[in-house]
1. Counting only residues that are under 37 Å from the mean Cα position of the chain (by Cα) and among the basic types (Lys, Arg), which one in region 15-44 is nearest to GLU64 (Cα to Cα)?
2. Checking the conditions here, which among TYR49, TYR60, TYR101 is under 24 Å from TYR23 (Cα atoms), without any contact (Cβ under 8 Å) to a residue 24 or more places away in the chain and out of contact with any His (no Cβ under 8 Å at 6 or more places or on another chain)?
3. Which count do you get for residues in region 59-112 that are under 30 Å from LYS40 (Cα atoms), of a type in the set (S, T, N, Q) and assigned to a loop (DSSP other than H, G, I, E, B)?
4. Would you point out which residue out of LEU44, LEU26, LEU51 is at pLDDT 85 or above and open to solvent by less than 100 Å² (accessible area, probe 1.4 Å)?
5. Report every pair of residues separated by at least 6 positions or lying on different chains whose Cβ atoms are under 8 Å apart, first residue within region 4-33 and within 20 Å of PHE59 (Cβ to Cβ), second open to solvent by 70 Å² or more (accessible area, probe 1.4 Å) and modelled with pLDDT of 85 or more.
6. If I go through region 73-92 residue by residue, how many of them are open to solvent by less than 70 Å² (accessible area, probe 1.4 Å) and either touching a residue at least 12 places away in the same chain (Cβ under 8 Å) or touching a Pro at 6+ places or on another chain (Cβ under 9 Å) (or both)?
Amino acid sequence: MFEVRNETEIWYKAKEMPEWIHYGSLFVVEPVEKEKYAVKRFDLEKGEYLLFSDCKSYFYDGKEYEVENGYFTIPVKKEETLVYQPNDAELAIMEMQADMYEQQEQSNLTLMESLADFYETMMGGNEK
């Protein structure tokens, strides 16, 4: 046996049960598709939730939605492409890495020039 209390709650009690138990809400929302939801109302005679096509609007997740034929849609928010913004510490590390890279490149060029001079000296070139 089902009973509706507070206009929104369903309670259930079988003959052999000493107390009523809370069965659930009179209305439920069930996801049907990606953005589409069905509003269902508990049918006391059948003992199950059925599509509630008489519903005109439904308050769901803090917003009111217009319901058509028992269904409403919640548009999925398009996610914005996030652009990474480094913080001050990361910027400082990047600058240090850039400086180290420049120093390494300069050292490599200096080393290559020194090796070229050494090679020319060993081969007898570059006489002054």
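1. Looking at the filtered set, the residue picked out is LYS36.
2. Details: TYR60 fails: without any contact (Cβ under 8 Å) to a residue 24 or more places away in the chain; TYR101 fails: under 24 Å from TYR23 (Cα atoms).
Sole residue among the options that is under 24 Å from TYR23 (Cα atoms), without any contact (Cβ under 8 Å) to a residue 24 or more places away in the chain and out of contact with any His (no Cβ under 8 Å at 6 or more places or on another chain): TYR49.
3. The total comes to 1.
4. Residue meeting the stated conditions: LEU51.
5. From residues that are within 20 Å of PHE59 (Cβ to Cβ), the pairs are LEU26/ARG41; PHE27/ARG41; VAL32/TYR71.
6. Number satisfying all stated conditions: 1.
The values are calculated or read from the model by the stated rules, or taken from the named source; none is laboratory data. Owing to the predicted nature of the structure, the values given are computational and were not obtained by experimental measurement. All Cβ positions, even for glycine, are placed from backbone atoms using ideal geometry, and neighbour counts span all protein chains on display. These accessible areas exclude ligands, DNA and RNA; they are computed on the full protein's heavy atoms, side chains included. Shrake-Rupley method; radii C 1.70, N 1.55, O 1.52, S 1.80 Å.
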